[in-house]
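Here's the structure we're looking at; comments come further down.
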Protein chains: 2
Amino acid sequence: MAQTRILPAADNAYQYPLLIKRLLLSGPRYNPDQEIVYANRSKYTYTDLVERIHRLANALTDAGVKPGDTVAVMDWDTPRYLECFFAIPMIGAILHTVNVRLSPEQIVYTMNHAEDDVVLVHDDFMPIIEGVKDEIKTVKTWIQLTDSDSATATSVDTLGEYEALLAKADNQFDFPDFDENSVATTFYTTGTTGNPKGVYFSHRQLVLHTLAMTGTIAHFDEMPLLRSSSVYMPVTPMFHVHAWGVPYAATMMGIKQVYPGRYEPELLVDLLKTHKVSFSHCVPTIMQMMMATESIKTADLSNWHVLIGGSALTKGLCDAGAKLGIKMFTGYGMSETCPLLSATHMKPEDLELPLEQQTAIRVKTGIAVPMVDLEIVDPDGKPVPHDGEAKGEVVARAPWLTQSYFKQADKGEELWEGGWLHTGDVASMEPDNTLTIKDRIKDVIKTGGEWLSSLDLENLISQHPAVAGAAVVGVPDEKWGERPHALVTLKPGEQAGVEDIQSHLKQFVESGEINKWAIPEQIDFVEDIPKTSVGKINKKLIRDQLKD
Amino acid sequence: MAQTRILPAADNAYQYPLLIKRLLLSGPRYNPDQEIVYANRSKYTYTDLVERIHRLANALTDAGVKPGDTVAVMDWDTPRYLECFFAIPMIGAILHTVNVRLSPEQIVYTMNHAEDDVVLVHDDFMPIIEGVKDEIKTVKTWIQLTDSDSATATSVDTLGEYEALLAKADNQFDFPDFDENSVATTFYTTGTTGNPKGVYFSHRQLVLHTLAMTGTIAHFDEMPLLRSSSVYMPVTPMFHVHAWGVPYAATMMGIKQVYPGRYEPELLVDLLKTHKVSFSHCVPTIMQMMMATESIKTADLSNWHVLIGGSALTKGLCDAGAKLGIKMFTGYGMSETCPLLSATHMKPEDLELPLEQQTAIRVKTGIAVPMVDLEIVDPDGKPVPHDGEAKGEVVARAPWLTQSYFKQADKGEELWEGGWLHTGDVASMEPDNTLTIKDRIKDVIKTGGEWLSSLDLENLISQHPAVAGAAVVGVPDEKWGERPHALVTLKPGEQAGVEDIQSHLKQFVESGEINKWAIPEQIDFVEDIPKTSVGKINKKLIRDQLKD
């Protein structure tokens, strides 16, 4: 290592560790009277937020929570959850944001694996806990969260209700300094196989993610996320990668925040209108549900900017949104990456383009954000050309990536092979550094030394008028390594054969969209395409079935 | 210290230290073809910038520069200097930004004290070096910077000219990783007494300052500094606290940059017009010079936003600027603070106010920026009320403050008394957290247990129609501790006595601007008020003279 001159860091009395408590300094200072709204229920100011965070810290400490303990939360998107985002890490404990959509068995698994000490549970999720509480090993204290006037009766032995506990707690807490590498948050990712894996983030990582996000998104010409006139409403769950980290950024900037509680499309649209929301983040499915409401037709959404992530933003959805005035753009990241890695960057001249040309830019995965080192690499880890054609696995380095999986160091080493975080996504990169995700690496078809995107092929097959759906997987081939194998479902009453699909695909060879060798020899017409529990194509199962 | 769960930071293979090289990732990625302009001389792209930084790193390494060495620069505001901002720290060396306005003796002192190994010198400053080069002890290599077609002859034995060295250097440098607490930059502050003191900043500090600045300034509704359509031109020297850190932020964001070279008012205005500059930072004196040019009258400056620092922005200057369309606002910081501590925060509703009411907000010192912990304290270190009246010394904690003075640890301990950086400035804070600097602590008058601002009193005395200038200092008083003592100069042909001044001041007692006890008993009419070499009132000398 280079012999630089080093500041006397460790011994230095003036060190100022990067702690989440520092993110809370500026928002209330910029806008003490700024509002934080809870759906159509209640609202309070930033000054109130600070006081409630102090009360919550005292309530938890009174309940026996110590630094290093883990405090789990099962709640909808509420200001309570925002208070937990701050108070729990600020006392040195670890916030476990429980994925309430997991099966009860998986919830038990994650609580036991994370070694939760205290759990805050909303009434709506109490029945889940009532059913499994004997299997949960480490939890000593339950706290009830309620939106009713009085807490609902439960067989779970709780310490009390959140608001009551806050009311009797002291309103001053002296938040300590500690090592910035202390774990602040944890949560679990789910794959198609195996148990959920626990990722975790430190105070330093969350502070850096917040600072970089603030600078990044604010600098976009179009995007008023983080200007002081902005109004923010999350439309991804707060358990999902800390609502992509935006609540921290919005709070640091003192921006008006609207928490919708449950995701009911009509309510969401109503809140958009009432509060003139200017920034949200969302997965495509929820956006589709909101766009299908009757009330959205009468909303002025010309100032609503939406970061789409989770799955690909399609041109269809982006165009339909644009017709309503909604400005969508793509963000890319994953649970392991805190999550922000890249986002669509609309240049001033892009904003002058006709809407349909803007859409072509908005649906791409965008350009890596500041401080992120990102590459697309071949199986040997060598970068592939940035020509918009060559495909490689996306690998990243950044100051905010999970350092491993909790108590699964072997899987952590796999994740970080060669010192880069392997996303498992295959992408191409254009000469202007725009990334386009093409496939999951485990689904990409390696044929004749080239990578063929199963997603691209599925999209093209689906454009045949008789086709209802398509799934393409790679199957072993002696000569080419792998060859694509397609499963196709037809629309009711429609007819098509293997040659119809192949000749349909030939037009895309002629137009240069795919190579000749991309056309599958094997095309099976089936009744149903196997799906996973969350509705994704189950390619692992298809491959297993084809093997037999 | 709290027993939190700590990430295995030091041993961790996936650590990603906060190094200046990471600030260079995103700008060229967002805008590879974006321009960096050198006055009316030349321009190149961000892609060129990266290549030139690699070449400079090789040129310096070829010249024997090793990590931990110190490389000094004496240049105007040029893209060369920007290259040095990156390349020198990125190889692990320390960039010494030499204050070219110091006397030759002080330049010798700072070069010897900083232990410079290599110095890059512009032709315009070569005569200074020629005159003192025998007194400079540690410098082994001189490199010439020229704006002429061929380097000017000099008696200094240089390695060669910058452009020639870059041309023959390799265009690929493998910048190493190292400890983020490595010193990246150093420079010297000057006071009225004693030798210049060396402050220093680490890679981590500069990265954090950049990230915080980007988010902060970008979130202002008015301020387009860091949006991708912005055009940035510094109008404070790059040796002065790294041009307030803005070149790092602008580069990280890929924003168009215009470097003006020397500060010639007509040239500056010409560049503003040609490049439609949208953001600059400036001291009041230079702003006045620019506003006095003939050509500014025909400029469209309605998109020019200027951060004013160094000395107080007066209402007069702010109003005069507003009439030309210029949007000024105040930044606060000092050499010791990297520098950003606070800035005017114009809220959306403030921007709706008539211009003169906006001015009242713009001239205040603003609100502390994110991640900065800032307080005003009494002599015992206890916070004073935030009521807009009570005065206290401004103390700060932030992740980017100098940790000491180089080789003057005793002065560093004074600076950091009680674990807070003492700015030496006295200020009041309003209930909305807006700071207003009132005085330097050594000039404030402590009378009857209260702090009286010498600046306030000077301003009020100066409003008497016969008064040309005023200086007020505190003199020892047995009963009150100190009492104000005023020196007054009169305009040519004007007459006034002690009682005239006192009765003039009484109107401000009636209007509530000052207390009765603020009126000085001692008022001397003098020919001249002692000034320092940079034109500031020499209060130390006045106090010494009054003592005798």
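With a 10 Å radius around each residue's Cβ, average the other Cβ atoms per peptide and rank B:343-350, A:87-94, A:228-235, B:539-546, highest first.
A:87-94, A:228-235, B:343-350, B:539-546
Using 0.36 nm times the number of residues separating A:ASP524 and A:ALA153, minus their current alpha carbon distance, what extension gain do you get?
128.1 nm
Could you sort the peptides B:370-380, A:149-159, B:73-83 by per-residue average Cβ neighbour count (10 Å cutoff), highest mean leading? Display every interim value, and only then the final one.
On the way: B:370-380: 18.5, A:149-159: 12.3, B:73-83: 23.7.
For the peptides B:370-380, A:149-159, B:73-83, the packing ranking is B:73-83, B:370-380, A:149-159.
What is the mean number of Cβ atoms from other protein chains located within 10 Å of the Cβ atom of each residue in peptide B:142-152, rounded to a whole number?
Mean shielding by partner chains, rounded to a whole number: 0.
How big is the dipole moment of chain A about its Cα centre under a simple scheme where the beta carbon of each Lys and Arg is +1, that of each Asp and Glu is -1, and everything else is neutral? Debye, nearest 20, please.
That gives a dipole near 720 debye.
I'd like to know how the protein assembly as shown sits against the 2.2 N^0.38 Å rule of thumb: what's its Cα Rg over that expected value?
Normalised Rg, Cα atoms only: 1.01.
How many Å³ per residue does the convex hull of the Cα positions in segment A:1-142 occupy?
178 Å³
Just the number, please: percent antiparallel of the DSSP beta bridges in the protein assembly as shown, rounded to the nearest 5.
60 percent
How would you classify segment B:73-120 from its alpha-carbon gyration tensor, with a ≥ b ≥ c the square roots of the eigenvalues: rounded for a/c under 1.5, else prolate if a/b is greater than b/c, otherwise oblate? Don't skip to the end; give the middle numbers.
Details: a/c = 3.24, a/b = 1.39, b/c = 2.33.
Note, shape of segment B:73-120 comes out oblate.
Using the reciprocal of the averaged 1/r over all distinct C-alpha pairs, how large is the Kirkwood radius of segment A:405-491 in Å?
Computed over Cα pairs of segment A:405-491, the Kirkwood hydrodynamic radius comes out at 15.1 Å.
Using the Kirkwood radius over C-alpha pairs as Rh, can you work out the diffusion coefficient of segment A:404-452 via Stokes-Einstein at 37 °C, viscosity 0.692 mPa s, in µm² per second?
Here the translational diffusion coefficient equals 259 µm²/s.
In 5 Å bins starting at 0, how do the alpha-carbon pair distances of segment B:118-220 split up by percent?
Spelled out bin by bin, segment B:118-220 gives 2, 9, 13, 13, 15, 17, 16, 10, 4, 1, 0 percent.
Only residues of segment A:448-474 count here: report those whose backbone N is under 15 Å from the spot 7 Å along Cα→Cβ of A:GLU494, or say none.
Under cut-off, by backbone N: A:458-471.
Per the Debye formula with a single identical scatterer at each Cα and no solvent contribution, what log10 I(q)/I(0) holds for segment A:378-419 at q = 0.16, 0.21, 0.24, 0.32 Å⁻¹?
-0.53, -0.78, -0.89, -1.14
Distance from the Cα centre of segment A:169-216 to that of segment A:380-431, in angstrom?
21 Å
Roughly how tilted is helix A:20-30, in degrees to the nearest 10 and between 0 and 90, from the longest Cα axis of chain A?
Rounded to the nearest ten degrees, it is 80.
Going 7 Å from Cα along the Cα-Cβ axis for the label, what nanometre distances separate A:GLY497 from the same residue across the other copies?
For A:GLY497, the other copies' label points sit at 12.2 nm, shortest first.
Could you give me D for segment B:124-171, from Stokes-Einstein at 10 °C and 1.306 mPa s, where the hydrodynamic radius is the Kirkwood radius over C-alpha pairs? Units µm² s⁻¹, please.
134 µm²/s
Would you mind calculating the relative contact order of chain A from Cα pairs under 8 angstrom and at least 6 residues apart, reporting the percent as a whole number?
10 percent
Take every residue in peptide A:256-268, count the Cβ atoms of other chains within 10 Å of its Cβ, and give the average of those counts.
Per-residue shielding by partner chains comes out at 0.
How many partner chain Cβ atoms sit within 10 Å of a residue's Cβ in peptide B:453-462, on average, as a whole number?
Whole-number average of other-chain Cβ neighbours for B:453-462 is 0.
Using only the Cα atoms, work out Rg/Rh for segment B:264-440, with Rh taken as the Kirkwood radius, to two decimals. Don't jump to the answer; show the numbers that get you there.
Details: Rg = 17.9 Å, Rh = 17.5 Å.
Across segment B:264-440, the Cα-based Rg/Rh ratio is 1.02.
Over all directions, average the projected area of the Cα convex hull of segment B:445-546 and note it in nm².
Dividing the Cα hull surface by four gives the mean projection, 6.6 nm².
How far is A:VAL283 from the same spot in each other copy, in nm, shortest first, if each label point sits 7 Å from Cα toward Cβ?
Once sorted, the set of distances for A:VAL283 reads 5.7 nm.
Quick one: Debye curve from the alpha-carbon atoms of segment B:12-65 only, equal weights, vacuum; give me log10 I(q)/I(0) at q = 0.14, 0.31, 0.32 Å⁻¹ to two decimals.
Log10 I(q)/I(0), no solvent term: -0.53, -1.10, -1.12.
Can you list, shortest first in nanometers, how far A:ALA164 lies from the same residue in the other copies, with each label 7 Å from Cα toward Cβ?
Nearest to farthest, the other copies are at 8.5 nm.
Probe radius 1.4 Å, ligands and nucleic acids left out: can you give me the accessible area buried at the B-A interface, summed over both chains, in Å² to the nearest hundred? Working shown, then result.
Numbers: alone 24890 and 24930 Å², together 42690 Å².
So the total buried area for this chain pair works out to about 7100 Å².
Scattering from the C-alpha atoms of chain B alone, worked out with Debye: what is log10 I(q)/I(0) at q = 0.12, 0.13 1/Å?
Cα-only, vacuum Debye calculation for chain B: -1.25, -1.43.
Using all C-alpha to C-alpha distances in segment B:53-137, build P(r) with 10 Å bins and read off the rounded percent in each one.
Whole-percent P(r) values from 0 Å outward: 18, 52, 29, 1.
Would you please report the Å³ per residue occupied by the convex hull of the alpha carbon atoms in segment A:275-347? Write out the running numbers ahead of the final one.
Values: hull volume 7.2 nm³, N = 73.
Per-residue hull volume (Cα only) is 99 Å³.
With everything on Cα atoms, drop me the angle between helix B:203-218 and the longest principal axis of chain B, reported from 0 to 90° to the nearest 10.
Value to nearest ten degrees: 60.
If packing is taken as the average number of other Cβ atoms within 10 Å across a peptide's residues, how do A:53-61, B:249-257 rank, most packed first? The partial results should precede the final answer.
On the way: A:53-61: 23.0, B:249-257: 26.0.
The packing order, highest mean first, is B:249-257, A:53-61.
Once R0 is set to 60 Å, what does the formula 1/(1 + (r/R0)^6) return for the Cβ-Cβ distance between B:ARG41 and A:ALA468, expressed as a FRET efficiency to the nearest 0.05?
0.40
Stick to Cα atoms and the Kirkwood definition of Rh, then tell me Rg/Rh for segment B:164-302.
So for segment B:164-302, dividing Rg by the Kirkwood Rh gives 1.02.
Please determine, in degrees from 0 to 90 and to the nearest 10, the orientation of helix A:46-62 with respect to the longest principal axis defined by the Cα atoms of chain A, where the helix direction is its Cα long axis.
Its long axis makes an angle of about 80 degrees.
The values are calculated or read from the model by the stated rules, or taken from the named source; none is laboratory data. Just so it is clear, the model here is predicted, and its values are computed rather than measured. Glycine also receives a Cβ, built like all others from the backbone with ideal geometry; neighbour counts cover every protein chain displayed. To get the accessible areas, we keep the full protein, side chains included, count just its heavy atoms, and leave off ligands, DNA and RNA. Shrake-Rupley method; radii C 1.70, N 1.55, O 1.52, S 1.80 Å.
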